[in-house]
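Undergrad: Have a look at the structure that comes next, please.
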Amino acid sequence: MTSQIFDLEQYLPYLAARFAGRISRALAARYQQQFDLSIADWRIIANLSQFDEVSVKDIVARVELDRVKVTRAVQQLVQRGLLSKHINAGDRRLVKLSLTPQGVALFQALKTIAIQFEQEALYGLTDDEKHTLTHLFSKIENNLRENR
């Protein structure tokens with residue numbers, strides 16, 4: 001029986017989790033103090049900036065956070081006037097969310113921070129390396145989606 005060497009420092013799920021945590025915390029450090037936003041808040045606002053109206057269920061699927069955390073963050077963002085809720089008249093359980101004008105303005109400021117952060121994180125990579133990196137992330141994500 002051949003013994004396989006297991007090197008945690010080379011194990012993709014470990015590296016990805018560590019990398020994702022570091023990058024989220026580093027970006028959060030840039031917007032938390034200035035805008036009083038959590039990581040969940042940022043993810044929700046960023047996702048809503050891409051679509052006119054989205055359900056909480058859709059957001060949960062996109063942001064990789066549990067429903068309770070998303071629901072709590074949505075409630076706080078609505079109270080702050082950054083999101084609005086649109087309740088379906090035929091089925092009051094169906095709620096769509098969208099950014100308010102104040103939320104859109106906030107996202108514009110956040111977008112500037114996010115783009116600068118991305119440029120700094122990718123510093124030293126060629127355009128081909130950047131393309132390869134995003135392409136490989138997409139391929140791995142598709143593999144995981146297909147294997148569920």
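Undergrad: Can you pull out the residues in region 4-50 that are part of a helix (DSSP H, G or I), hydroxyl-bearing (S, T, Y) and either at pLDDT 95 or above or over 17 Å from the mean Cα position of the chain (by Cα) (or both)?
TA: Hit for region 4-50 is Y14, nothing else.
Undergrad: Separate question: Scan region 82-102 and tell me whether some residue there is closer than 22 Å to A28 by Cα, without any contact (Cβ under 8 Å) to a residue 40 or more places away in the chain, surrounded by fewer than 11 Cβ atoms within 10 Å (Cβ to Cβ) and not acidic (D, E).
TA: Scanning region 82-102, I find no residue that is closer than 22 Å to A28 by Cα, without any contact (Cβ under 8 Å) to a residue 40 or more places away in the chain, surrounded by fewer than 11 Cβ atoms within 10 Å (Cβ to Cβ) and not acidic (D, E), so the answer is no.
Undergrad: I've got another one for you. Taking Q79, is it loosely packed, with under 11 Cβ neighbours inside 10 Å and at pLDDT 90 or above?
TA: yes
Undergrad: Across region 110-148, what is the total count of residues that are of a type in the set (K, R) and over 26 Å from A29 (Cβ atoms)? So that I can check it myself, show each step before the final result.
TA: We begin by selecting, within region 110-148, every residue of a type in the set (K, R); these are 111, 130, 139, 145, 148.
Filter again for over 26 Å from A29 (Cβ atoms), leaving 139, 145, 148.
Of the residues in that region, 3 qualify.
Undergrad: Related question: Taking only region 84-102 into account, find how many residues are outside any loop (DSSP other than H, G, I, E, B) and not polar (S, T, N, Q).
TA: Residues flagged as outside any loop (DSSP other than H, G, I, E, B) and not polar (S, T, N, Q) within region 84-102 amount to 8.
The values are calculated or read from the model by the stated rules, or taken from the named source; none is laboratory data. Just so we're clear, the structure is a prediction, and the values are computed from it rather than from any experiment. Here Cβ is always computed from backbone atoms with ideal geometry, including for glycine, and neighbour counts include all displayed protein chains.
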